[in-house]
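So the structure is just underneath, and the comments pick up after that.
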Amino acid sequence: MEITERRVVIESPYLVNLFGANDRILSLIDNRFNSSIVVRGNVIIIKGEIDELNAIESIFKELSYMIEKNGIITEMDVESTINLVAINNNNNENFSVKNKNNIIYNGYKNVIRARTARQIEYFAKVSLNDMVFSIGPAGTGKTFLAVAMALASLKNNEVSKIILTRPAVEAGESLGFLPGDMAEKIDPYLRPLVDAIQSMVNPDKYKVMKEKNTIEINPLAYMRGRTLSNAFIILDEAQNTTRTQMKMFLTRLGEGSKAIITGDVTQIDLKNRNDSGLVEAQKILKNIKGIDFVEFDKGDVVRHRLVAEIINAYEKSYKTEEDDNKTKVKNK
């Protein structure tokens, strides 16, 4: 085991942001490696094995680039960069967030990138297939990245419109008791899609796109009887489609179109879980050329760190409950 020393010079006016308040970001990096990291002015002194030195240097350079572009970095940015550099070092590949292959869409506020290994896989599969099922827990970027990919396809003239849709399934509340007309009742179901697209598109441009019908945001029931050609279609919350609704949606795909179907099979709000069109699609569509699946797990969560911990707690609870039920049945 050979210990080596390396000095990395960081030339950036945002040097304080790179290390974080009370060196919080520096600590996040330091805690993930055996190497020692010492800062002297704008020089980072790293002592350790060569593989770790390469990884740590890559991490600081990537974070410096991100700060130069955005002015700030978050702890989530740091964790994502550490994980991606580690994954690519293990695979003997060079990773860089500056790599254009990771850029999905240049939003009016931020550049939207694939930030985890599974997100990169997601991006690649959508590029190669006409239909991709994106399945996994909340916070993994399923819907957000789907919207970014749709906007990129529209910008590149690969499609002429974007269609966003969701099933309007009541999760503990009744539509009849919500205020307003039917359009206003449906709006809360479609709001997450609207929020995603408005975070990437200038408000004035979004208004024009809506007026010209370049972007459609409708409940799933509005898809019946249509042939959706030359469009990028996103079906969100697909776990709440019935088997009949899912078949209806999938057979709407027309010439020159691409579809992403997102969902979380652990959050089915239908009365009978076995009625879920997403669960059925997972079983019967896996061997069709042009259709692919991306399956995220709690390790891919890129929201607040608590989201992953909440998902983990629920999984443990469900597992315990399932084991208890099996024990009760066995003892009868």
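Quick check on my filter: what residues within the stretch 121-135 are free of Cβ contacts under 8 Å to residues at least 60 places away in the same chain and under 21 Å from SER199 (Cβ atoms)?
Start the filter on the stretch 121-135 by keeping residues that are free of Cβ contacts under 8 Å to residues at least 60 places away in the same chain, which leaves 123-124, 127.
Listed by number, the list holds a single entry, PHE123.
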Expected output for the stretch 281-301 (first residue closer than 14 Å to LEU250 by Cα, partner basic (Lys, Arg) and part of a helix (DSSP H, G or I), Cβ below 7 Å, 6+ apart or cross-chain) is ASP292/LYS125
Checked GLY41, GLY48, GLY71 against criteria (more than 15 Å from VAL9 (Cα to Cα) and exposed (fewer than 13 other Cβ atoms within 10 Å of the Cβ)); the one match is GLY71
All conditions in (1) within 30 Å of PRO203 (Cβ to Cβ); (2) in a helix (DSSP H, G or I); (3) modelled with pLDDT under 80 are true of ILE72 except (2)
Considering every residue within the stretch 75-92, establish whether at least one is of a type in the set (D, E, K, R) and at pLDDT 85 or above. no
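Which helices (runs of 4 or more DSSP H) does the stretch 240-332 wholly contain that include 2 or more residues that are modelled with pLDDT of 70 or more and buried (at least 20 other Cβ atoms within 10 Å of the Cβ)? Steps first, answer last, please.
Working: elements: 243-250, 277-284, 305-331.
Answer list for the stretch 240-332: 243-250, 277-284.
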Quick count over the stretch 204-223, residues being open to solvent by 80 Å² or more (accessible area, probe 1.4 Å) and more than 14 Å from ARG166 (Cα to Cα), is 6
Could you say whether any residue in the stretch 155-178 is modelled with pLDDT under 70, open to solvent by less than 60 Å² (accessible area, probe 1.4 Å) and of a type in the set (Val, Ile, Thr)?
-> yes
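The values are calculated or read from the model by the stated rules, or taken from the named source; none is laboratory data. As the structure is a computational prediction, the values presented were derived from the model and not from experiment. We place every Cβ from the backbone using ideal geometry, glycine too, and count neighbours over all the protein chains shown. In case anyone asks, the SASA skips ligands and DNA or RNA and just uses the protein heavy atoms, side chains included. Shrake-Rupley method; radii C 1.70, N 1.55, O 1.52, S 1.80 Å.
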